[in-house]
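Single-structure report; data block below.
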Amino acid sequence: PPSRELVVYAGHKGFVRLAAACGACLVPVLALGEVLQLRNGVNCSGLQKATYKRLGFPLPYMVVGRWGVSPLPAAVPLKYVIGAPIPPPQPSGPGGTVSESDIEALHASFYSALEALFHKHKGSHPEFREAGFR
């Protein structure tokens, strides 16, 4: 089987700031297999790379899933994994705000927990047993 890699974009911090401001816990959640449900039915990689660079999405793009012609998701195994809640930091800044260093620490903690969750449970999904995390 081809090697798989779960790629997670860790640049977003708005949800971390919002959770910290509201005093809400962050809960790492993974859905293994959801990327296998739909795929692009058109293979024009050169054109798609060029339009992705310019527009932010590939053209042409035709979503296919079940039966290879339908936009309905393909029937593939799905595994949902929910991690332990990560409590937010206590406000320590002026006016009861959370400092930027606390936001950075919470952000790093969330993505570390997400990666640990992946490595702990990847063996339970047939397509991700040998997968990496990036």
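The values are calculated or read from the model by the stated rules, or taken from the named source; none is laboratory data. Since we're looking at a predicted model, the values are computed, not measured. Methodologically, a virtual Cβ is constructed for each residue, glycine included, from the backbone with ideal geometry; neighbour enumeration extends over all protein chains shown. Areas reflect the complete protein model, heavy atoms only, side chains present, ligands, DNA and RNA absent. Shrake-Rupley method; radii C 1.70, N 1.55, O 1.52, S 1.80 Å.
Quick notes on this one:
- Among the residues of segment 99-120, those identified as open to solvent by less than 50 Å² (accessible area, probe 1.4 Å) and more than 17 Å from Val16 (Cα to Cα) are Leu117, Phe118.
- Residue, modelled with the lowest pLDDT, within segment 63-97, restricted to residues that are more than 22 Å from the chain's Cα centre (by Cα) and open to solvent by 100 Å² or more (accessible area, probe 1.4 Å): Pro94
- Looking across segment 48-77, the residues that are more than 29 Å from Pro126 (Cα to Cα), assigned to a loop (DSSP other than H, G, I, E, B) and free of Cβ contacts under 8 Å to residues at least 12 places away in the same chain come down to Gly56, Phe57.
- Within the span defined as segment 54-61, every residue fails to be touching a strand residue (DSSP E or B) at 6+ places or on another chain (Cβ under 7 Å), more than 17 Å from Glu5 (Cβ to Cβ) and modelled with pLDDT of 90 or more.
- Cβ separations smaller than 6 Å between residues 6+ apart or across chains give the following pairs from segment 79-104 residues that are among the polar types (S, T, N, Q) to residues that are exposed (fewer than 13 other Cβ atoms within 10 Å of the Cβ): Ser99/Ser92; Ser99/Gly93.
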